[in-house]
Amino acid sequence: MLPELSENLGIHGLRRTNKVLIVDDDATTAAFLEAILEDMADTKIACSGEEALVKLHEEEFDVVLLDIEMPGMGGLSTCKAIKSSSDTSHVTVIVVTSHTGEDTELDALDLGATDFIVKPFAAKIVRARVRTHLLMQYQSRQLRLLSMLDGLTGVANRRCFDQRLEDECRRAKRSHTPLSLLIVDVDHFKKYNDEYGHLKGDECLKLIAGALESSIHRASDLVARIGGEEFAIILPETAADQLSVLAARVRTAISDLGLFHNKGIDRSVTISIGGASVDMSEQKIDGQELFHRADLMLYEAKAHGRNQVQID
């Protein structure tokens, strides 16, 4: 059995298991492939190229088993669409076909297909080839995730944050759902470093990162360290009326750490929070604009005495 290729590298929302999309208009063939792979991956079935593209934009898949001969949008057109989209170009496409001619293979390879399975197929061959590509995808995903981790705190880094914010903006626009963002700054952190030293400062940041992650509960939410003592939390499908409650919970989580700070507010480590929310069914803004709005609110929180929340 293929081992569970799950990942928990401290980045909420990026834990993954193997996912395979079977695209075939023949229900019997699709069901057979699903049965073959049921202990190797979470499988879904699409009966057409059009349905496959919808599913690929709703969920993240590692491998697509794609039948060439389908009514409507054929396999080659579907392959081209998958590989032409920045959201799905990384997905491995394995063409399933009864045609063994060079022209068919060359056309599919030119469009970005990675491998072929010829009908009628043997279960062992299907499993072996899918397993190989799942492992390759897993290894690639591990490297991508490691490159997006903050080395000190284990949460997402700025690179990961920037990418996810734009991804979530696009997703919110497609689904017409709200998107919220919190920016968190540790109050008087320079004074903390000066008073207790950088090793203590590093330990403080690690504890804060852990508390921030503990204060959110959905896999889709993301905590990132975006600067020295600055963090951000991306909150998909979170409306403005929910944001104040969540921000208050985040602030309380840090207060509950009880980290002594002789020169801090109330002699403890505290945070200031700025937040912004947008309803994508009513407004169309990008990640930079949402970040700018939340950052302005953080400035307001700090200007009004720190250890507080300001929401746009």
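Quick notes
- Selection of segment 91-125 for residues being under 32 Å from the mean Cα position of the chain (by Cα), open to solvent by less than 70 Å² (accessible area, probe 1.4 Å) and of a type outside the set (V, I, T) yields A108, L111, G112, A113, D115, F116.
- The set of residues in segment 76-92 that are of a type in the set (A, V, I, L, M, F, W, C) and touching an Asp or Glu at 6+ places or on another chain (Cβ under 8 Å) comprises L76, V91.
- Evaluated against (1) modelled with pLDDT under 95; (2) farther than 25 Å from L152 by Cα, E300 falls short on exactly one condition, (1).
- So L53, is it in contact with a helix residue (DSSP H, G or I) (Cβ under 7 Å, 6 or more places away or on another chain), within 27 Å of L222 (Cβ to Cβ) and open to solvent by 20 Å² or more (accessible area, probe 1.4 Å): yes
- Qualifying residue in segment 234-249 (condition: farther than 17 Å from E168 by Cα, basic (K, R) and crowded, with 21+ Cβ neighbours inside 10 Å): no
- Residue count for segment 297-307, restricted to those that are in contact (Cβ under 8 Å) with a residue 12 or more places away in the chain, open to solvent by 50 Å² or more (accessible area, probe 1.4 Å) and either under 20 Å from R174 (Cβ atoms) or not in a helix (DSSP H, G or I) (or both): 1
- Annotation note: of S277, S244, S281, the sole residue that is of a type in the set (S, T, Y), more than 16 Å from L181 (Cβ to Cβ) and modelled with pLDDT under 95 is S281.
The values are calculated or read from the model by the stated rules, or taken from the named source; none is laboratory data. Since we're looking at a predicted model, the values are computed, not measured. Here the Cβ is made from the backbone with ideal geometry for all residues, glycine too, and neighbour counts use every protein chain on show. Areas reflect the complete protein model, heavy atoms only, side chains present, ligands, DNA and RNA absent. Shrake-Rupley method; radii C 1.70, N 1.55, O 1.52, S 1.80 Å.
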